[in-house]
Amino acid sequence: MEELEALAAEVGERLKARGETIAVAESSSGGLISAALLSVPGASKYFLGGAVVYTPKARVMLMDIPREKLEGMRSASEPYASLLARTARERFNATWGLSETGAAGPTGNGYGDAPGHTCIALAGAEDQAITVETGSEDRAANMRSFAREALLLLLRALP
């Protein structure tokens, strides 16, 4: 967690300096992205909220994403991650929305993705999505890797 906290501290300082805010929607990272961002003193200046959107029911209850927005899209994909990031940003009226959706392991998901597969998206001044493949079945290590990659994506967008 120390590495995540160090990354989050840098992200937090940049967000505070810029007067910007963030909302998070994460899945297989299990709340680690939000936990890291909230570990920074003064997080209330930039962190507006987050949700662990781990199931279809959570997507409906926490994100209120209508079924028609999901047409032609599946979980653990860049388009779905982008939808989650945009939705988090809009629902919280944040400068940035950050999302993660994947398969932590030790097995893959129902879509055929291997364990260690995730898609991460950022919505804001710079919208982007990436796919990460760790090649590992280690659930806890994958969760930390997913959170690290999400924080790095955000950090790169905050020069």
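Of the beta bridges in the chain, as assigned by DSSP with both residues counted there, near 55 percent are antiparallel. Globularity index of segment 117-159 is 1.21 (Cα radius of gyration / 2.2 N^0.38 Å, N = number of residues). At a 1.4 Å probe radius, carbon and sulfur cover how many percent of the accessible area of segment 1-82? Roughly 54 percent, rounded to a whole number. The residues 10, 137, 100, 2, sorted by heavy-atom accessible surface at 1.4 Å with ligands and nucleic acids left out, run 2, 137, 10, 100 from largest to smallest.
Report summary: the helix-based calculation at 222 nm, which adds -39500 (n - 2.57) for every DSSP H run with n ≥ 4 and divides by the residues of the chain, gives -12000 deg cm²/dmol. Remark: accessible surface ordering of 16, 69 (largest first) is 69, 16, probe radius 1.4 Å.
Based on the Kirkwood radius over alpha-carbon pairs, what value in µm²/s does the Stokes-Einstein equation return for the translational diffusion coefficient of segment 3-159 at 10 °C and 1.306 mPa s? Reported coefficient: 105 µm²/s. For the residues 71, 90, 149, a GNM of the chain with alpha-carbon springs under 10 Å puts the largest fluctuation on 71. Modelled label positions at residue 1 and residue 70, each set 7 Å beyond Cα in the direction of Cβ, lie 3.2 nm from each other. In this view, the solvent-accessible surface of residue 1, computed with a 1.4 Å probe and all protein chains in place, comes to about 90 Å².
In whole percents, the pair-distance distribution calculated for segment 20-102 from its alpha-carbon pairs, binned every 5 Å from zero, is 3, 17, 28, 27, 15, 7, 3, 1, 0.
Estimated at 0.36 nm per residue, the fully extended path between residue 156 and residue 13 surpasses their Cα-Cα distance by 50.1 nm.
For 59, 144, 156, the ranking by accessible surface with the largest value first comes to 156, 144, 59, using a 1.4 Å probe.
The values are calculated or read from the model by the stated rules, or taken from the named source; none is laboratory data. These numbers come from a predicted model, not from an experiment. Methodologically, a virtual Cβ is constructed for each residue, glycine included, from the backbone with ideal geometry; neighbour enumeration extends over all protein chains shown. Just so you know, the surface numbers come from the protein's heavy atoms only, side chains and all, with ligands and any DNA or RNA stripped out. Shrake-Rupley method; radii C 1.70, N 1.55, O 1.52, S 1.80 Å.
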